[in-house]
């Protein structure tokens, strides 16, 4: 559940539009209006030069994406969450201006008022259980599917947080996904002829996962068990007596944002340790556990700073956890082997094994993909290897994430690749896995961490490095 202490509080919504017909009508009106504006925009382009068309297209796509984002934000629920998930795929087929706006859906949502949520708690927990708690009516955090309220148990003053699902969210998933798919076609944002059916099937499945609080509770306990002996991480404790289908009760765990000044001004060694912990956790999740919390939003991580102790990472919200099969992990391992050590055929074989490519792609398309994968491996390269960016290395050969522009460079290369007629929307496993990888790189960048990650990657993969160099 995302939270950002630096953002001003937004006014609460006193009611939610939960009726499917009303939600569909609101989105249909937007789509019809967009269709008319698209026709006028296309007509205007007949009278513009190349530069004028390019500028007009950018303005049009940004304005339409803003209207779409506003509509999704006002409706909340699964249609907004579907829009958030759509933004993950958007970089592969939507204009950059639209991607930028839709990405804002990840963390910019108004809370709903207490009068909307109180009946949910009363029905879910019952009057007796509810009477055991003192609940702060002002939300601690708000998102598309629900929000978090802080609470105190009267009997022992234990501090809790209650994650409460908005009413009607689960029942509206099927209708909302159909509506959003229809709307995307009406707004003309997606390329004509692109088959989006597989994408929306994946969005539908993920939405059902997100509202499954019983599953999230199991993942929370699983992560707590796996990390119980690792002092670098804190996983909230589950209070099962206050959990229900639409309520998840966890221990309140204090901490500040990764972006907080108290974190970004920590000594370099401590920031390096935090970055190393973020990177190691991701690699352990995927390669060892086959289970990854795929939502890297900074609101899902807090940093606890205590006098006389090393900073620790608080892990929050396991609703987006995905399980990866051994076959997929082995294919991805082979892909990385080809990217780091060659030959490139291993990249192609690994990509084929995980469903990202097939043997029918022409050589120039395969080479463009290989270059992208090799680029992403930049932080794990030794100084004497092809693709190493020596200007981003410290004197002791650590990669300076704070000075790196790797993510925008990789995004630009991926966008160019998507223009190929051979392009297809990547499998969901790739999209969600790479979302988490990008989030890990971003966390290291915000921390201005300096890491020699080669040894960490080799250990996670179970490999012996053929070129140990100066790596850790």
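Residues in region 291-331 that are in contact with a helix residue (DSSP H, G or I) (Cβ under 9 Å, 6 or more places away or on another chain) and free of Cβ contacts under 8 Å to residues at least 24 places away in the same chain: 330, 331. Report yes if residue 172 is in contact with a helix residue (DSSP H, G or I) (Cβ under 6 Å, 6 or more places away or on another chain) and closer than 22 Å to residue 204 by Cβ, otherwise no. The answer is yes for residue 172. Each residue in region 259-281 was checked for being closer than 16 Å to residue 450 by Cβ and either assigned to a helix (DSSP H, G or I) or within 22 Å of the chain's Cα centre (by Cα) (or both), and 15 of them qualify.
For residue 248, indicate whether it is closer than 24 Å to residue 153 by Cβ, touching a helix residue (DSSP H, G or I) at 6+ places or on another chain (Cβ under 6 Å) and in contact (Cβ under 8 Å) with a residue 12 or more places away in the chain. Yes. For residue 127, indicate whether it is surrounded by 19 or more Cβ atoms within 10 Å (Cβ to Cβ) and either at pLDDT 95 or above or part of a helix (DSSP H, G or I) (or both). Here the answer is no, as residue 127 does not meet what is asked. Within region 348-360, not a single residue is without any contact (Cβ under 8 Å) to a residue 40 or more places away in the chain and part of a strand (DSSP E or B).
Of the residues making up region 370-402, just one is assigned to a loop (DSSP other than H, G, I, E, B), more than 23 Å from residue 439 (Cβ to Cβ) and touching a helix residue (DSSP H, G or I) at 6+ places or on another chain (Cβ under 6 Å), namely 383. Condition test on residue 368, is it at pLDDT 90 or above and within 27 Å of the chain's Cα centre (by Cα)? No: the conditions fail for residue 368.
Criterion first (closer than 25 Å to residue 323 by Cβ, in contact with a helix residue (DSSP H, G or I) (Cβ under 9 Å, 6 or more places away or on another chain) and either crowded, with 16+ Cβ neighbours inside 10 Å or without any contact (Cβ under 8 Å) to a residue 24 or more places away in the chain (or both)) does residue 184 satisfy it? Criteria not met by residue 184.
The rows are residues; the columns are (1) in a helix (DSSP H, G or I); (2) crowded, with 16+ Cβ neighbours inside 10 Å; (3) modelled with pLDDT of 90 or more; (4) more than 16 Å from the chain's Cα centre (by Cα).
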residue: 409; (1), (2), (3), (4): yes, no, no, yes
residue: 414; (1), (2), (3), (4): yes, yes, no, yes
residue: 419; (1), (2), (3), (4): no, no, no, yes
residue: 426; (1), (2), (3), (4): no, yes, no, no
residue: 429; (1), (2), (3), (4): yes, yes, no, no
residue: 433; (1), (2), (3), (4): yes, yes, no, no
residue: 441; (1), (2), (3), (4): yes, yes, yes, no
residue: 445; (1), (2), (3), (4): yes, yes, yes, yes
residue: 457; (1), (2), (3), (4): yes, yes, yes, yes
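For region 145-169, filtering for residues that are in contact (Cβ under 8 Å) with a residue 60 or more places away in the chain and outside any strand (DSSP E or B) leaves 6.
The values are calculated or read from the model by the stated rules, or taken from the named source; none is laboratory data. Note that the structure is predicted; figures quoted are calculated from it, not measured. Heads up, the Cβs are rebuilt from the backbone with ideal geometry, glycines too, and the neighbour counts pull from every protein chain shown.
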